[in-house]
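Everything on this sheet refers to the single structure shown next.
The values are calculated or read from the model by the stated rules, or taken from the named source; none is laboratory data. Since we're looking at a predicted model, the values are computed, not measured. Here the Cβ positions follow ideal geometry from the backbone for every residue, glycine too, while neighbour counts run over all protein chains shown.
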């Protein structure tokens, strides 16, 4: 239930751009009966001054760079840091994961090769990676990014990589940062392909191994969406198991 903004929600969802909403995350939260609120910067919503009282924090993606000088990005980082101090687990999707890296002392940079579409990813096989991502080391996830967290925060554990991106996910204490879009839905893909950005057609030509054209992407969606949502349910379930009993 996407509740009105009040003090009774379990989860705060920070959204940056109108077209990058909660997607499957929202569906999963509704199925769990969780109370959640979303605040969208582009829509003019004001981020709260504190996450005190929430049990979980989710940070979504967006076409902005985490290094852009936008006040809402710095506010998101401050809320991530506060959540850590309060023991509230944070989960970050793409830009959200990059903001987590910055907030905890890592570094985000432009990658030489973008990733767009359904692409392979392998986890490290560690106990932590298997807890979050399952026992099967290889999976296919949805990507749309050119920046990535190139230096992990101190004490963070790398969980997964892909051929074009060495850092696909990291865990730190109770938190998970992802470079991929585990919240993806067909509606989000359709919206992004309607306005893919000026660089997308060139990237399709220059990087066919890591940037899919619309036809390949839609065909891959039919093959990989069910597996992606099963993985998302696992990831979100681990995140929920770490929600604070009560944020003091």
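Given (1) at pLDDT 95 or above; (2) touching a helix residue (DSSP H, G or I) at 6+ places or on another chain (Cβ under 9 Å), identify the lone condition not met by residue 72.
Residue 72 satisfies every listed condition except (2).
Free of Cβ contacts under 8 Å to residues at least 24 places away in the same chain and more than 12 Å from the chain's Cα centre (by Cα): which single residue out of 135, 147 fits that description?
Just a single option satisfies the conditions, and that option is 135.
Cβ contacts < 8 Å: first residue without any contact (Cβ under 8 Å) to a residue 40 or more places away in the chain, restricted to the range 214-233; second residue assigned to a helix (DSSP H, G or I) and crowded, with 17+ Cβ neighbours inside 10 Å, any location; separation 6+ or different chain. Result?
Close Cβ pairs satisfying both conditions: 218/189.
What about residue 47, is it in contact (Cβ under 8 Å) with a residue 24 or more places away in the chain, more than 29 Å from residue 213 (Cβ to Cβ) and touching a helix residue (DSSP H, G or I) at 6+ places or on another chain (Cβ under 8 Å)?
yes
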